[in-house]
Amino acid sequence: MGERGDELSKLLGPLGAEVLQALWSAGKPVPVRVVLDRLNRDRSEPLAYTTVMTVLARLSERGAATRTTAGRGYLYAAAVRDAAELAVKDVVREHGDAAVTYFVDQARGTPHLRQRLERLLGSTSPDSAGKDS
């Protein structure tokens, strides 16, 4: 599955990781059927529609995917760029301000992290967060 998939599997389980990777591959909001077809392409035992629908709903609840209404169904898209972003979202969701405070305290004590944090806080674009490592 590769390093990216291994990290995702630790956070989401193997199927959750595959579903999120299918959303990344799609590159735009897609219905359950598109994700299902992509996942079943190379499987000897196809997944059920309801299985993929449930995983997508859980990814959406967790903040790893977005869900928008489209007719009588939903379109799903990835809401995170990688496993690290998902892990941070999980920590912040679980621990709130305490997690952010701890991260800032850690950055204060590490010059390169502090400089990086200062650059990010000075940035006007939220998308620039992952581009300047």
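Every read-out reported here was derived from the displayed coordinates using simple, explicitly stated rules and does not represent laboratory data. Quick caveat: nothing in here was measured; it's all calculated off a predicted structure. Ideal geometry is used to build each Cβ from the backbone, glycine not excepted, and the neighbour counts take in all protein chains shown.
Quick rundown of the values:
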| quantity | calculated |
| --- | --- |
| Within segment 2-78: Cβ-based charge dipole about Cα centre, in debye rounded to nearest 20 (Lys, Arg +1; Asp, Glu -1) | 340 debye |
| Computed E for Asp82/Thr50 - FRET, C-beta separation, R0 35 angstrom, nearest 0.05 | 0.80 |
| Pairs of Cα atoms farther than 14 Å apart, segment 2-78, % | 57 percent |
| Additional length obtainable on full extension of the chain from Lys10 to Gln115, 0.36 nm per residue less Cα span | 34.8 nm |
| Relative contact order of the chain, pairs being alpha-carbon contacts under 8 Å that are 6 or more residues apart, as % | 19 percent |
| Pairs of Cα atoms farther than 17 Å apart, the chain, % | 65 percent |
| Additional length obtainable on full extension of the chain from Arg93 to Arg43, 0.36 nm per residue less Cα span | 14.6 nm |
